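Participant: Dropping a structure here in structure tokens format, bear with me for questions.
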Amino acid sequence: MRRGAEGRTRLLLIILIVTSLLLITLDLRGVAVLKGARQASQTILSPFQRAGTVVLSPIKDFVSDITRLGRTRSQIENLRTENAELKSELLNRLSADAQLDQLKSILDLAGRAGFKVINARVISQGSSHSFAQTITVDIGSKAGIKRNMTVLSKFGIAGVVKDVYPNSALISLATDPSFRIGVRIAGSQQIGILSGRGNRSANLQLIDNLTTVKVGDILLSRGSISNRPFVPGVPVGYITSVDNSAGAIAQSASVYLYTDFAALSIVAVVLGASASNPGDALVPLKPKPTPIPTVTIYITPSPTPTD
Amino acid sequence: MIRRQISTAVPIYIAIYIFQEALINQFRLPWGGFSLLLIVCLIWAILSSPEIAALGGFISGVLMDLSQSSSGPIGQWTLLMVTASCAVSYLGSGSENLSDNPLGFTFLTTSAIVLLEIAYLTTGALLGVTVGGLRHILFTLIGISIWSMLVTPLVLPIFSRLHAFTFDTRSAL
């Protein structure tokens, strides 16, 4: 009985091994049925695998987070540091671009007027608790800066040198309430005195009461003896409103200053000017309006009316 | 009798195969992971008679051959599983202490798995299957051994009881 069972087992084993060898042979010979069996198996398994992915994804994420906790933390820290560096670099780049733009404009302005200038970087904004409008620049007497020199921005007059130190200088801005500058109206050459009001709007007092001024008139610096404190012909601002009140001794007007004092980072101190007056050569050009493209659509009616 | 036992074992193997393919394979376990079907089939084979073990090995071998992760030709795992299942069944039935000794059981299963993998590599090399470099093979073999050693004691009580409940042949571990 036992020998019969052993013989049956042996026979079964031989049959199974032979079947296996047959399967291997058929597969190696490239029988399509066997290839199809594997494909069919995968087709059947796919929904289970998709379901498994859905079910296991939170667990996998959790396990992944746990196993990568240290690495993730350090990676986050590295990315934060890198991000901060890139942000700083970007800010520096933007700042440098803005400074370059200002510098180019200032040099262009000074070049057209024939001024000898030295560029300076604004290192400090004056505190406003004393109601003064000042800035500090990074060059001083060592660079040839003296009191009462004109300070230019890329738009025009920015201020005047108030105090000089060996390596820095204090600039009184055109917005400072104590700031006064002799100006003339471009074109008509009428003269007046402009005084700061603490903001970008300044006050103009015209000397001649018979002068006619109008909104939009451009003011240029009149210039001083030996070009100090002001060189001539530098744009200052334009008139925004005129006060024609009856009985006033002198005509007055509000002036919008060209210089954007809030974005002042580079200025130029005028060390010397050419003997010739630039006149109205530095009057800023009016911005050209950007043409807005229009699109014309032609609709041709259908020859046959539709319902 | 055999037909009844096999008809009961087949759904279990298929369920484990689906579990392996759909869930266990989703985890990219380090060092190759483990094959639950392989472990269960060997446990089943140790607990069964050689006839049942051979048939169980054949079924599980076919299933393993049908897996997309199998790189060899269809029939390679079948051949190896039939042989290995039969062998461990003989070894298991020859050792009286094995059924009461989970450690020995684990050792036998793990050893069988390692030998099976080596046999798979050898036959694969003969059949022209690309299996990777020596370093990769060694790491995978060590990994599979460790994983099998860890997983076998965990699943052994479950499948031992399931086997005893289904076939009522040997005592549950």
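Participant: Pick from B:ILE39, B:ILE12: which is under 15 Å from B:PHE159 (Cα atoms), more than 13 Å from chain A (Cβ to nearest Cβ), buried (at least 24 other Cβ atoms within 10 Å of the Cβ) and of a type outside the set (D, E, K, R)? Walk me through how you get there before you give the answer.
Facilitator: Details: B:ILE12 fails: buried (at least 24 other Cβ atoms within 10 Å of the Cβ).
Among B:ILE39, B:ILE12, only B:ILE39 is under 15 Å from B:PHE159 (Cα atoms), more than 13 Å from chain A (Cβ to nearest Cβ), buried (at least 24 other Cβ atoms within 10 Å of the Cβ) and of a type outside the set (D, E, K, R).
Participant: Does segment A:147-179 hold any residues that are of a type in the set (A, V, I, L, M) and either assigned to a loop (DSSP other than H, G, I, E, B) or buried (at least 20 other Cβ atoms within 10 Å of the Cβ) (or both), and which are they?
Facilitator: Within segment A:147-179, the subset of a type in the set (A, V, I, L, M) is A:149, A:151-152, A:157-158, A:160-161, A:164, A:169-171, A:173-174.
If the condition is that a residue be of a type in the set (A, V, I, L, M) and either assigned to a loop (DSSP other than H, G, I, E, B) or buried (at least 20 other Cβ atoms within 10 Å of the Cβ) (or both), then A:MET149, A:VAL151, A:LEU152, A:ILE157, A:ALA158, A:VAL160, A:VAL161, A:VAL164, A:ALA169, A:ILE171, A:LEU173, A:ALA174 are the ones that fit.
Participant: Further question: Filter segment A:10-25 down to the residues that are more than 7 Å from every other protein chain (Cβ to nearest Cβ) and either closer than 15 Å to B:GLU51 by Cα or in contact (Cβ under 8 Å) with a residue 40 or more places away in the chain (or both) and list them by number.
Facilitator: Within segment A:10-25, A:ARG10, A:LEU11, A:ILE14, A:ILE15 qualify.
Participant: Of A:PRO284, A:PRO229, which residue is more than 14 Å from A:ARG180 (Cα to Cα) and in a loop (DSSP other than H, G, I, E, B)?
Facilitator: On the way: A:PRO229 fails: more than 14 Å from A:ARG180 (Cα to Cα).
The match here is A:PRO284.
Participant: Of everything in segment B:133-158 that's over 14 Å from B:THR109 (Cα atoms) and β-branched (Val, Ile, Thr), which residue is surrounded by the most Cβ atoms within 10 Å (Cβ to Cβ)?
Facilitator: B:THR140
Participant: Right, another one. Only one of A:GLN99, A:GLN75 is more than 9 Å from every other protein chain (Cβ to nearest Cβ), out of contact with any helix residue (DSSP H, G or I) (no Cβ under 7 Å at 6 or more places or on another chain), surrounded by 12 or more Cβ atoms within 10 Å (Cβ to Cβ) and part of a helix (DSSP H, G or I). Can you tell me which? Spell out the reasoning first.
Facilitator: On the way: A:GLN75 fails: surrounded by 12 or more Cβ atoms within 10 Å (Cβ to Cβ).
Testing whether each residue is more than 9 Å from every other protein chain (Cβ to nearest Cβ), out of contact with any helix residue (DSSP H, G or I) (no Cβ under 7 Å at 6 or more places or on another chain), surrounded by 12 or more Cβ atoms within 10 Å (Cβ to Cβ) and part of a helix (DSSP H, G or I) leaves just A:GLN99.
Throughout, read-outs are computed from the coordinates displayed, never taken from laboratory work. Not measured: the values here are computed from a predicted model. Using ideal geometry, Cβ is built from the backbone for each residue, glycine included, and neighbour counts are taken over all protein chains shown.
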